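Colleague: Right, I'll just put the structure down here and ask away after.
The values are calculated or read from the model by the stated rules, or taken from the named source; none is laboratory data. Fair warning: this is a prediction, and the values are worked out from it, not measured in the lab. Every residue, glycine as well, gets a Cβ built from its backbone with ideal geometry; the counts of neighbours run over all protein chains shown. These accessible areas exclude ligands, DNA and RNA; they are computed on the full protein's heavy atoms, side chains included. Shrake-Rupley method; radii C 1.70, N 1.55, O 1.52, S 1.80 Å.
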Amino acid sequence: MTFEEIKALDEQYVMHSYGRFQVAIDHGKGATLWDVNGREYIDFTSGIGVCSLGYADEGWQKAIAAQTAKLGHISNLFYTEPYAKAAQKLCTRTGMSNAMFANSGAEANEAMIKLARKYSYDKYGKGRGTVITLHNSFHGRTITTLAATGQDKFHDYFFPFTEGFRYADANNLDSVEEVAGHDVCAVMMELVQGEGGVLPLDEKFVQDVADLCKKRDWLLLIDEVQTGVGRTGTLFAFQQYGIEPDVVSFAKGIAGGLPFGGVMANEKCRNVFTPGTHGTTFGGNPVSAAAACYVLDTIDEDLLKQVKEKGAYIRAAVEEMDLPCLGQVRGLGMMLGVEIKGEKTNRELAAALIDNGLLCLTAGPGLRFLPPLVITREEIDKGLAILRGTLSQFKGV
Ligand SMILES: *Cc1c(COP(=O)(O)O)cnc(C)c1O
């Protein structure tokens, strides 16, 4: 089908819940993609932080094909090897105790919130179900995770939202203490706020919140849906923050492109979920779990070191361009955000970049780069050349 044919079909039969860019992607290899007209693009998106190993990785294909040839699905009422192995790999590399799988980030966060509320209920009874989250956060699109999201623009249309959330300012411990009360059971936060604009939290603030959680027996819930699985240069971002979370959620990059997510808990929270208290039909599907095992084995210490190096390289290169329409670059590892200046919106700048062969994302008011972790130096340089060539024509303020 041509682009025009696909677009016409989509316009007629698909709900218009996305503002799509004018490209139909057909296939990819590494960090390079091709559209249906055969046009090439360098990918600084990984989907949205999902295709951690890029496109058409051979080992990933084999792991998935081998599992589909054996068992594509079985209910969670039975044991499977990929499920147990994926959980083992996550726990042994993070010091967490056990894991449970879901299909998406929002679902993983729902599980994390349910776990916190049950932990508190088991110990203290009713009336302690409030979760503190941060302004500018993003935790998902279900009714409850929208309520958890600390951005007013997400609290529209879909009333009534789930109760039991209060919002504090990031990097401001006083603000956390101000909203705290006897009804709190947990604090939930991203360590680098992704959708909010790629805003890394201060280490001191995060450690202070961790201390406060310990003191009050609140659970420390870390949403690593975007920061997890190597994105920031360690397997999980919390490993760079000197904290020991009670529960960590993950999704996006974990299975390299198949739907997968979940939570892992520490020893204290090992037995909060008991048979029948939480579940999912698809979560932990053996094919996705086999893909996750392959992704986790591939993201070894050597690859993590490269993530740090490549992230620093891209960051320095963008700073050096000193383009009038770009401001500060921030982030961690290969999760980078760039402020923008001038009359063009981030969406307009992203569209111009895509027109010229570089896929990138927006976050908050700025641009966001989440390249596949395996992107080559050559692909990075091609992408940076497109960035420089495209954005140098736009004026600043
Ligand atoms: C993307 C994202 C989510 C939601 O994940 P879905 O898979 O889209 O449900 C939740 N939290 C964070 C930090 C995210 O980046």
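Colleague: So how do 111-118, 223-230 stack up, highest first, on mean other-Cβ count within 10 Å? If you can, show how the numbers build up before the last one.
Modeller: On the way: 111-118: 23.8, 223-230: 28.9.
By packing density, highest mean first, the sequence is 223-230, 111-118.
Colleague: Here are some pairs, Lys62/Lys310; Lys85/Lys305; Lys29/Lys204; Lys62/Lys85; Lys85/Lys382; Lys89/Lys382; which of them have Cα atoms lying more than 29 Å apart in this structure?
Modeller: Values: Lys62/Lys310 27 Å; Lys85/Lys305 24 Å; Lys29/Lys204 40 Å; Lys62/Lys85 17 Å; Lys85/Lys382 38 Å; Lys89/Lys382 35 Å.
Cα-Cα > 29 Å for Lys29/Lys204; Lys85/Lys382; Lys89/Lys382; rest within.
Colleague: If you don't mind, there's one more thing I want to ask. Among Ser52, Val329, Val397, whose Cα sits farthest toward the positive end of the charge dipole of the chain (+1 at Cβ of Lys/Arg, -1 at Cβ of Asp/Glu, about the Cα centre)?
Modeller: Of the listed residues, the answer is Ser52.
Colleague: Sticking with this one: May I ask for the equivalent-ellipsoid semi-axes of segment 1-75, computed as the square root of five times each C-alpha gyration tensor eigenvalue and listed largest first in whole Å?
Modeller: Details: eigenvalues 143, 67, 32 Å².
Result for segment 1-75: semi-axes of 27, 18, 13 Å.
Colleague: Charges on Cβ only, +1 for Lys and Arg, -1 for Asp and Glu, centred on the Cα centroid of the chain; of Met15, His139, Gly95, which one is farthest towards the dipole's positive end?
Modeller: Gly95
Colleague: Nothing charged except the Cβ atoms of Lys and Arg (+1) and of Asp and Glu (-1): what's the magnitude of the dipole of the chain about its Cα centre? Round to the nearest 20 debye. Spell out each step's value before the answer.
Modeller: Numbers: 39 positive and 49 negative charges, 149 e Å.
Here the chain has a charge dipole of around 720 debye.
Colleague: How much FRET efficiency would the formula 1/(1 + (r/R0)^6) give for Lys62 and Phe282, where r is the Cβ-Cβ distance and R0 is 25 Å, rounded to 0.05?
Modeller: Numbers: r = 22 Å, r/R0 = 0.90.
With R0 = 25 Å, the Cβ-Cβ based efficiency is 0.65.
Colleague: OK, next. Computed FRET efficiency, Cβ-Cβ of Thr345 and Phe78, R0 56 Å: what is it to the nearest 0.05? Write out the running numbers ahead of the final one.
Modeller: Numbers: r = 50 Å, r/R0 = 0.90.
Given R0 = 56 Å and the Cβ-Cβ separation, E is 0.65.
Colleague: Determine, for each peptide in 55-65, 94-104, the mean count of other beta carbons within 10 angstrom over its residues, then list the peptides with the highest first.
Modeller: Values: 55-65: 16.5, 94-104: 21.0.
Going from most to least packed, we get 94-104, 55-65.
Colleague: Classify segment 42-110: rounded, prolate or oblate, from the alpha-carbon gyration tensor (a ≥ b ≥ c, eigenvalue square roots; a/c under 1.5 rounded; otherwise prolate if a/b is larger than b/c)? Walk me through the numbers before you get to the answer.
Modeller: Numbers: a/c = 1.69, a/b = 1.20, b/c = 1.41.
Here segment 42-110 falls in the oblate category.
Colleague: Could I have the simple spin-label model distance between Tyr121 and Asp297, label points 7 Å from Cα toward Cβ, reported in nm to one decimal?
Modeller: 4.0 nm
Colleague: Between Ser97 and Glu178, what FRET efficiency comes out of the Förster formula 1/(1 + (r/R0)^6) with R0 = 35 Å and r the beta carbon distance, rounded to 0.05?
Modeller: Numbers: r = 33 Å, r/R0 = 0.93.
Efficiency at R0 = 35 Å is approximately 0.60.
Colleague: Shape verdict for segment 183-274, please, from the Cα gyration tensor: rounded (a/c under 1.5), prolate (a/b greater than b/c) or oblate. Don't skip to the answer; put the middle values down first.
Modeller: Details: a/c = 1.96, a/b = 1.22, b/c = 1.61.
Oblate shape, in that a/c is at least 1.5 and b/c is the bigger or equal ratio.
Colleague: Now, a different point. Select from Thr280, Ile354, Phe236 the residue farthest towards the positive end of the dipole of the chain; place +1 on Cβ of Lys and Arg, -1 on Cβ of Asp and Glu, and compute about the Cα centre.
Modeller: Of the options given, the answer is Thr280.
Colleague: Also, I was wondering about something else. Can you sort Tyr119, Tyr294 by solvent-accessible area, 1.4 Å probe, largest first?
Modeller: Numbers: Tyr119 20, Tyr294 60 Å².
Solvent-accessible surface, decreasing: Tyr294, Tyr119.
Colleague: Additional query: State the percentage of accessible surface on segment 24-67 attributable to carbon and sulfur atoms; use a 1.4 Å probe and exclude ligands, DNA and RNA.
Modeller: Details: 1040 of 1840 Å².
It is 57 percent, rounded to a whole number.
Colleague: Compute the semi-axes of the equivalent ellipsoid of segment 261-397, taking the square root of 5 times each eigenvalue of the Cα gyration tensor, and list them largest first in whole Å. Can you show the working numbers first?
Modeller: On the way: eigenvalues 277, 66, 42 Å².
Its equivalent ellipsoid spans semi-axes of 37, 18, 15 Å.
Colleague: Measure nothing but the geometry: give the 0 to 90° angle between the long axis through the Cα atoms of 346-355 and the longest principal axis through the Cα atoms of the chain, rounded to 10°.
Modeller: Once rounded, the angle reads 50 degrees.
Colleague: Rounded to two decimals, what is Rg over Rh for the chain when you use alpha-carbon atoms and the Kirkwood radius? Walk me through the numbers on the way to the answer.
Modeller: Numbers: Rg = 21.0 Å, Rh = 21.8 Å.
Result: Rg/Rh = 0.96.
Colleague: If you line up the Cα atoms of segment 1-150 on their principal axes, what length do they span on each, largest first, in Å?
Modeller: 61, 38, 28
Colleague: Over the heavy atoms of His27, what accessible area does a 1.4 Å probe trace out, to the nearest 10 Å²?
Modeller: Accessible area of His27: about 90 Å².
Colleague: Another question about this same structure. Work out, step by step, the length gained on full extension between Met15 and Gln207: first 0.36 nm times the residue separation, then minus their alpha carbon distance; give nm to one decimal. Numbers along the way, then the final one.
Modeller: Values: separation 192, 0.36 × 192 = 69.12 nm, distance 4.33 nm.
Gain on extension, Met15 to Gln207, equals 64.8 nm.
Colleague: Moving on. Tell me, what is the per residue accessible area of segment 59-298 in Å², probe radius 1.4 Å?
Modeller: Here the residues of segment 59-298 average 42 Å² of exposed surface.
Colleague: If the only charges are +1 at each Lys and Arg Cβ and -1 at each Asp and Glu Cβ, what is the size of the charge dipole of segment 207-249 around the Cα centre, to the nearest 20 debye?
Modeller: Values: 4 positive and 7 negative charges, 9 e Å.
I would put it at about 40 debye.
Colleague: Quick one: dipole size for segment 257-397, taken about the Cα centre, charges +1 on Lys/Arg Cβ and -1 on Asp/Glu Cβ, in debye to the nearest 20.
Modeller: Numbers: 15 positive and 16 negative charges, 80 e Å.
Here segment 257-397 has a charge dipole of around 380 debye.
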